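One structure is given below, encoded as structure tokens.
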Amino acid sequence: MVKVAKFGGSSLASAEQFRKVGDIVRADESRRYVVPSAPGKRFHGDTKVTDLLYTCYAAAESGDDFSDTLKEIHARYQEIIDGLHLSVDLSHEFEIIEENMRGLSGRDYAASRGEYLNGIVLAAYLGYEFIDASQIIRFDDEGHFDPETTNCLVGERLAQTERAVIPGFYGAKADGSIVVFSRGGSDITGSIIARGVSASVYENWTDVSGVMVADPRIIRNPEVIHTITYLELRELSYMGASVMHADAIFPARKAGIPINIRNTNAPEDEGTMIVERTSRIPKYTITGIAGKKDFVAVNIEKDQMNSEIGFGRRVLSAFEKYNLSFEHMPSGVDTMTIVINQKDFQEKEQKVLTEITRLTHPDSLDLEPDIALIAVVGRCMKENRGTAARIFAALAHAKINVKMIDQGSSEINVIIGVKNADFENAIRAIYDIFVTTQL
């Protein structure tokens with residue numbers, strides 16, 4: 001068995017956290033490849049190392065002095081090194097970083113140094129080989145990730161290495177210039193490494209004991225989802241659930257590798273297993289609830305709309321013309337609603353409305369702002385009669401008016417639109433009826 005273990009920034013923020021990581025890795029000899037993030041916040045109000053690096057580079061671009069901030073970053077690593085009683089000296093690395101920043105080597109290079117340095121320290125602490133991600137994670141000349149070249153490089157390099165630490169978040173073009181993934185991209189690196197070595201499991205260690213049924217900022221101590229399919233997680237992630245980077249799903253899924261979300265601070269917890277398919281019957285009818293605020297509904301009415309060939313295409317072309325993507329499109333015989341991100345739409349709304357009017361000549365065209373979307377997701381929903389009725393009964397009991405209903409053809413999700421002001425209460429009401437009381 002081969003496991004790839006990725007540890008997030010909170011798991012590697014201090015020497016104390018490093019010791020927890022060391023204990024976890026050493027407790028299972030199959031944890032052969034480890035992917036670290038940069039050090040995160042040690043306490044409330046602290047600053048992540050990646051943010052400090054961005055601050056340094058912004059100062060370099062402006063011609064300002066950034067030496068004090070760079071010294072602060074060096075001190076963060078030295079605190080970890082001293083706390084672990086290591087003999088690692090990063091002075092030369094910081095000299096190179098300072099020189100490259102003054103030479104304006106790029107924001108991606110600057111941001112990547114947090115993971116790079118943490119990888120060096122973690123490799124020394126574990127006694128593993130350090131492999132610079134720039135050697136095996138490849139981007140093309142336009143800066144797009146090259147999955148197939150990367151998979152070959154990872155497989156070839158790690159086949160020669162029994163145990164290694166590979167920093168997350170970044171890779172390089174063929175010419176060696178550094179490119180980073182979006183924030184949280186160390187999750188993606190872990191998934192890429194797991195695919196490249198044909199891992200049995202990809203463990204993603206963070207500061208929560210798995211994926212929760214609902215947002216813990218809304219529901220106090222929500223239940224943990226023990227097993228979830230990739231499709232269910234994709235639905236929840238898209239609607240705001242943020243345990244791991246959404247793009248990290250694809251490399252592992254392509255290779256058929258399950259992902260295990262675990263808690264560094266509670267390693268005895270089993271966490272959540274993310275799989276392609278499962279025969280496990282979940283504890284509740286629903287798997288999870290997630291949502292996002294601040295959408296606007298563009299409501300279009302026209303007599304005999306359904307008999308007008310190309311009507312929907314013309315409506316959507318108005319959004320496409322101004323580079324806007326929509327979230328949902330519920331419709332009736334003579335009505336159509338386009339739900340779109342409010343912030344993106346407001347900048348171009350008059351142009352879009354004018355274009356819709358010109359192309360379709362609607363009888364009525366109006367806007368309803370401040371809409372929140374809530375996704376109720378579950379692979380067992382289609383097997384249980386009355387699921388939608390229970391959702392709407394819960395919302396009616398909480399005196400919440402439903403503004404929109406949409407269900408995917410897969411029948412694993414129901415999307416409900418409510419006013420922003422009702423968002424949290426709606427999630428509480430749905431959670432209560434399916435989890436707390438299970439009425």
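The values are calculated or read from the model by the stated rules, or taken from the named source; none is laboratory data. Keep in mind the model is a prediction, meaning the values are calculated, not measured. Note: ideal-geometry Cβ built from the backbone for every residue, glycine included; neighbour counts use all protein chains shown. These accessible areas exclude ligands, DNA and RNA; they are computed on the full protein's heavy atoms, side chains included. Shrake-Rupley method; radii C 1.70, N 1.55, O 1.52, S 1.80 Å.
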Kyte-Doolittle mean at least -0.5, axial Cα span of 18 Å or more - DSSP H helices of the chain: 49-62, 107-126
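What FRET efficiency comes out for Ala124 versus Asp363 if R0 is 56 angstrom and r is the Cβ-Cβ distance? Round to the nearest 0.05.
Values: r = 71 Å, r/R0 = 1.26.
So the FRET efficiency works out to roughly 0.20.
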Cα centroid separation - the stretch 243-267 against the stretch 313-349, whole Å: 33 Å
Overall form of the stretch 330-383 per C-alpha gyration tensor (a/c, 1.5; a/b vs b/c): oblate
In sequence order, calculated HN-Hα J values of the stretch 136-143 (Karplus, 6.51, -1.76, 1.60; Hz; x Gly/Pro): 10, 9, 10, 10, 7, 5, 8, x
Phi-based couplings in Hz for the stretch 260-272 (Karplus 6.51, -1.76, 1.60; Gly and Pro marked x): 10, 7, 10, 10, 4, 8, 9, x, 6, 6, 6, x, 10
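Could you tell me what percent of the DSSP beta bridges with both partners in the chain are antiparallel, to the nearest 5?
On the way: 39 of 62 bridges.
Within the chain, antiparallel bridges account for around 65 percent of the total.
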Whole-Hz couplings from phi, Karplus 6.51/-1.76/1.60, listed for the stretch 206-218; x for Gly and Pro: 9, 10, 10, 8, x, 7, 8, 4, 8, 5, x, 6, 10
Distance-filtered residues of the stretch 204-227 - backbone nitrogen under 16 Å, label point 7 angstrom along Glu270 Cα→Cβ: 209-213, 223-227
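Which of the GluC sites (Glu not before Pro) found in the stretch 144-174 are loop residues per DSSP with 15 or fewer other Cβ atoms within 10 Å of their Cβ?
Values: sites: Glu148, Glu156, Glu162; in loops: Glu162.
Hits after loop and neighbour filter: Glu162.
Quick one: Kirkwood hydrodynamic radius for the stretch 73-163, alpha-carbon pairs, angstrom, one decimal? Spell out each step's value before the answer.
Working: mean 1/r = 0.0669 Å⁻¹.
Across the stretch 73-163, the inverse of the average 1/r is 14.9 Å.
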Proximal lysines relative to Lys254, as straight alpha-carbon distance under 17 Å, when same-chain residues fewer than 8 apart are discounted: Lys3
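Report the relative contact order of the chain, percent, no decimals, based on alpha-carbon pairs under 8 angstrom and at least 6 residues apart. Provide the component values of the computation, followed by the final result.
Numbers: 858 pairs, mean separation 57.4, N = 439.
Result for the chain is 13 percent.
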Candidates Asn420, Asn263, Asn306: whichever shows maximal mean-square fluctuation once the chain is modelled as a Gaussian network with Cα springs under 10 Å: Asn306
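Starting from the stretch 358-439, pick out the trypsin sites (Lys or Arg not before Pro) whose DSSP state is loop and whose Cβ has at most 13 other Cβ atoms within 10 Å.
When the trypsin sites (Lys or Arg not before Pro) of the stretch 358-439 are filtered for loop state and at most 13 Cβ neighbours within 10 Å, Arg385, Lys399 remain.
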Two-site label geometry, Glu301 and Thr436: point separation in nm, points 7 Å out along Cα→Cβ: 3.8 nm
In the stretch 316-396, GluC sites (Glu not before Pro) in a DSSP loop with at most 11 other beta-carbon atoms within 10 Å: Glu347
Sum of -39500 (n - 2.57) over DSSP H runs of 4+, divided by residues of the chain (222 nm, nearest 500): -11000 deg cm²/dmol
Answer label, with Rg and Dmax of the Cα atoms in Å calculated from the coordinates and candidates [x] 20.3, 67; [y] 24.5, 77; [z] 21.9, 70: [y]
Whole-number percent relative contact order across the stretch 70-206, with pairs defined as alpha carbons under 8 Å at least 6 apart: 22 percent
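Suppose R0 equals 22 Å; then what is the FRET efficiency for Ser87 and Glu16 from their Cβ-Cβ distance, rounded to the nearest 0.05? Write out the running numbers ahead of the final one.
Numbers: r = 20 Å, r/R0 = 0.89.
That pair, Ser87 with Glu16, gives E of 0.65.
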Eligible aspartates and glutamates near Lys399 by straight Cα distance, threshold 17 Å, same-chain separation 8 or greater: Asp422, Glu424, Asp432
The stretch 165-185 versus the stretch 30-105: alpha-carbon centroid distance in Å: 16 Å
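Going by accessible area, probe 1.4 Å, with all protein chains left in place, what is the ranking of Arg26, Arg113, largest first?
Working: Arg26 125, Arg113 15 Å².
Descending accessible area places them as Arg26, Arg113.
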Cut-off 16 Å, label 7 Å out along Cα→Cβ of Glu223, residues of the stretch 395-439 by amide N: 428-439
When each of Lys6/Lys343; Lys6/Lys283; Lys41/Lys382 is checked by Cα-Cα distance, pairs over 32 Å: Lys6/Lys343; Lys41/Lys382
Where a label projected 7 Å from the Cα of Cys380 along Cα→Cβ would reach, residues of the stretch 261-292 with amide N under 19 Å: 271-290
Relative contact order of the stretch 1-93, pairs being alpha-carbon contacts under 8 Å that are 6 or more residues apart, as %: 27 percent
